[in-house]
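K.L.:
Next up is a structure, given as structure tokens.
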Amino acid sequence: MGKAKLRQILAAEKGKVQYLEKQKKLQKEARKRKRKHAEAEEDDDMEVEDMDVNGANGEDENDWEDESESDDERVIDTSKLDDSDSDSEDEDDDDEDEDEEDDSEVQPKGILKASKPTPVANGEDDDEDEEEDDEEDDDIPLSEISEGDNDPDADIIPRQKLTINNHPALLAARASIALPITASTPFAVHHTVTTTSPVAIKDVHDDLTRELAFYTQALDAARRGRELLLSEGAPFTRPTDYFAEMVKSEEHMGRIKERMKEDAARKQASADAKRQRDLKKFGKAVQVAKLQERQKEKREMLDKISLLKRKRAGADLGDENEGDPFDIAIEKATKDTTRRRGDHAPNAKRQRKNEKFGFGGRKKFAKSGDALSSGDMSGFSAKGMKRNSFGGGGGKKKPAPRLGKSKRQARR
Amino acid sequence: MSAVLKSVTDARSKKSQDDDTSAGPDKKFRQRVLILSSRGVTYRHRHLLQDLAALLPHGRKDAKLDTKSQLHHLNELADLYNCNNILFFEARKREDLYLWLSKPPNGPTVKFHVHNLHTMDELHFPGNCLKGSRPILSFDASFDASPHLAVIKELMVHSFGVPKGARKSKPFVDHVMSFTVADGKIWIRVYQICEAETTSKSKDAEDATAVEKSSSSKKVPRSQTEISLLEIGPRLVLTPIIIQEGSFGGPIIYENKEYVSPNVLRAEYRNRRAQKFNQRTAAKVGREIKKKALRLDRHRVGGGSGKDWEELQAGLKDLFQDE
């Protein structure tokens with residue numbers, strides 16, 4: 001067993017995890033045993049054939065079945081001892097592994113047969129040792145086991161990172177390189193400012209608040225640094241006549257300025273466009289209202305003027321209104337505009353009838369022409385007659401051609 | 001002759017150093033950074049490297065390293081260039097970028113995964129600063145909370161903080177580099193410091209000039225300036241992966257458990273899609289088989305009497321409803 005331990009140590013030094021191999025072998029053995037048991041129950045002949053195919057140890061078959069489990073384990077252990085080196089060399093190749101196991105199993109079985117009572121006790125001892133070893137091996141972190149496992153079908157064990165945070169080593173590392181900055185060291189030497197309280201940012205993914213936090217931190221630092229430097233008498237502000245190369249070249253700054261201008265122009269343009277859009281929304285209504293107002297004004301003005309003219313004419317004939325002021329005349333005139341037909345007052349009979357029956361009178365011939373309307377020539381002009389007549393000498397303007405059917409229907 | 005000059009200047013510099021601090025610690029503050037990348041970086045990675053090199057006047061840019069497995073060669077390289085810090089960008093698969101921050105010859109090494117990477121060129125920020133001016137390094141207080149972050153902070157101070165009197169450095173301060181820990185990652189931003197005088201000038205103008213004359217400093221009084229910041233770029237986020245005790249070697253003294261490799265993420269994504277596809281194809285095949293079986297039945301029936309056919313149809317319906 002001492003030899004076994006030595007081998008284990010050697011293997012460990014080589015960087016091989018023997019535990020894995022052992023486990024693999026155990027599994028394989030278990031599988032084989034199960035299969036054999038099953039077959040043994042069915043048919044012995046089949047079993048022999050199978051073993052012939054499998055390896056060289058067909059002869060030891062039956063003995064192998066009779067052995068107890070503890071013996072089996074012992075066998076496994078010894079086999080591992082015998083060819084741990086070769087196994088470690090070709091872990092991956094399963095077929096070779098099996099062959100080697102079979103070979104190795106032959107020897108110990110012979111020994112067992114020869115002296116049965118004593119080796120059992122030995123086997124028990126071995127088992128104990130093995131268990132101890134297992135316990136030792138159990139300390140290996142899961143991650144390493146999952147690493148070595150080549151079975152693709154096995155459940156993937158999530159590999160957990162082992163945290164390393166060696167405080168003493170970190171402190172030592174810092175101490176080894178730390179600058180000798182003390183309270184007495186002038187600020188001009190180190191130029192470092194640390195905030196009094198940690199900068200807390202509520203949401204790192206919110207750009208505005210984050211950048212604001214950085215800005216305020218830097219601004220505080222700049223203020224404090226400036227104060228300290230000025231108090232130490234160190235130069236801070238660059239004089240206006242001090243010219244030197246800048247971090248960003250002239251060309252680069254020009255580009256930036258151009259871009260800023262462009263941005264400003266774009267902003268202005270967008271604001272203008274927005275205003276225009278708003279205006280357009282109300283513009284139509286405003287325009288209509290304005291036109292209406294203008295027309296109304298014009299109408300009123302014309303009415304007043306015409307009335308004034310008429311009044312003037314009346315005044316020339318008989319000077320009754322001469323003493324009246326101008327405005328009153330206009331007012332009176334405007335009052336009279338409500339009447340449609342002529343200004344003449346109704347005759348006495350009509351007035352009596354109006355009194356008797358109420359104003360309004362009959363409507364029957366209200367729209368028919370009378371002497372006054374037929375005598376009205378204001379709508380007539382010779383030019384107009386010419387223009388409207390067919391084939392007239394004027395004939396400058398042709399009547400608009402007849403529109404298409406759809407247009408005519410649309411107009412209706 | 002040069003030796004003489006050197007000795008003289010050395011003596012002078014030593015004298016000047018003795019005035020404020022002893023020479024010992026000042027030597028410790030002297031930093032030089034070797035900045036380089038592996039082969040196989042994309043243009044964005046290269047631009048980031050350029051941006052950082054522009055911001056670090058004490059950096060020494062070197063040609064791309066040929067190997068990704070034997071990083072210990074970097075120590076020799078750093079020794080060759082007299083650098084005591086290494087900023088090594090390792091690109092993998094032309095998409096993943098890792099940053100190694102190391103302190104050769106025997107200091108610790110931190111490996112980061114770089115993501116949310118935006119270079120100066122693509123950010124279009126209006127900020128700008130002097131090439132070689134020393135930044136103010138602003139650290140989050142949570143850097144001191146845990147030892148691994150403390151180590152990272154120390155390394156960042158060394159490599160990103162421009163030492164006083166570095167060769168190409170300018171004497172003025174006009175930018176801030178901020179390092180913040182959020183969500184287990186380190187976010188890096190670079191801002192320009194803009195000083196603007198406030199408008200209440202009429203009253204204090206005379207006083208200000210008097211102060212200027214008396215104190216001979218060209219600064220405007222503190223009460224009058226308003227500080228604001230303009231971002232310069234680049235932007236990047238670093239996820240620490242491991243910390244090694246040695247420089248590109250030695251035992252791992254810290255490992256980030258929360259870090260998930262982008263390879264794993266990609267594989268998971270692909271697997272999920274593959275699973276979907278597999279399910280669909282399996283269903284399709286199953287349906288085909290069922291259909292085929294039923295069609296055989298139909299042949300046997302041979303479109304004969306209507307009753308059989310109806311029965312078959314009903315069975316078919318049931319079958320597909322079950323599905």
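Here, each number is a calculation from the coordinates, and none is a lab measurement. Treat the numbers as computed from the prediction; the structure is a model and nothing was measured. Methodologically, a virtual Cβ is constructed for each residue, glycine included, from the backbone with ideal geometry; neighbour enumeration extends over all protein chains shown.
K.L.:
Shielding by partners for B:50-58, please: the mean number of other protein chain Cβ atoms within 10 Å of each residue's Cβ.
P.N.:
Average neighbour count from other chains, rounded to a whole number: 1.
K.L.:
Tell me the Kirkwood hydrodynamic radius of the stretch B:59-106 in angstroms, computed as one over the mean inverse distance between distinct C-alpha pairs.
P.N.:
11.3
K.L.:
Rounded to the nearest 0.05, what FRET efficiency do A:LYS28 and B:VAL264 have when you use their Cβ-Cβ distance and R0 = 56 Å?
P.N.:
0.95
K.L.:
Exposure proxy check: A:HIS344, B:HIS175 ranked by fewest other beta carbons within 10 Å?
P.N.:
Final ranking by Cβ density, sparse to dense: A:HIS344, B:HIS175.
K.L.:
So how do A:290-299, B:148-157 stack up, highest first, on mean other-Cβ count within 10 Å?
P.N.:
Answer by packing, highest mean first, reads B:148-157, A:290-299.
K.L.:
Can you give me the convex hull volume of the Cα atoms of the stretch A:168-279, divided per residue and expressed in Å³?
P.N.:
In the stretch A:168-279, the Cα hull volume divided by residue count equals 249 Å³.
K.L.:
What translational diffusion coefficient, in µm²/s and rounded to a whole number, does the Stokes-Einstein relation yield for the stretch B:154-193 at 20 °C and a viscosity of 1.002 mPa s, taking the hydrodynamic radius as the Kirkwood radius over Cα pairs?
P.N.:
Reported coefficient: 182 µm²/s.
K.L.:
What are the ³J(HN,Hα) couplings of the stretch A:294-299, residue after residue, when phi is run through the Karplus curve with 6.51, -1.76, 1.60 and θ = phi - 60°? Round to Hz, x for glycine and proline.
P.N.:
After applying 6.51 cos²θ - 1.76 cosθ + 1.60, I find 4, 4, 4, 4, 4, 4 Hz.
K.L.:
Let me see the P(r) profile for the stretch B:35-189: every Cα-Cα distance counted, bins of 5 Å, each bin given as a percent of all pairs.
P.N.:
Whole-percent P(r) values from 0 Å outward: 2, 8, 17, 22, 22, 18, 9, 2, 0.
K.L.:
Grab the beta carbon distance between B:HIS72 and B:GLU226, set R0 = 45 Å, and tell me the FRET efficiency rounded to 0.05. The partial results should precede the final answer.
P.N.:
Numbers: r = 51 Å, r/R0 = 1.12.
Result of the calculation: an efficiency of 0.35.
K.L.:
Let me ask something else. Pairs B:LYS28/B:LYS257; B:LYS64/B:LYS185; A:LYS367/A:LYS405; B:LYS111/B:LYS276; B:LYS27/B:LYS64: which are spaced more than 31 Å apart, C-alpha to C-alpha?
P.N.:
Beyond 31 Å between Cα atoms: B:LYS28/B:LYS257; A:LYS367/A:LYS405; B:LYS111/B:LYS276.
K.L.:
Okay, moving on. Mind giving me the FRET efficiency for B:LYS284 and B:HIS115? R0 is 41 Å, r the Cβ-Cβ distance, nearest 0.05 is fine.
P.N.:
Step by step, r from the Cβ atoms, then E = 0.60.
K.L.:
Just to be sure I understand the model, the point goes 7 Å from the Cα along the line to the Cβ. What's the resulting A:MET377 to A:ASP278 distance in nm?
P.N.:
6.0
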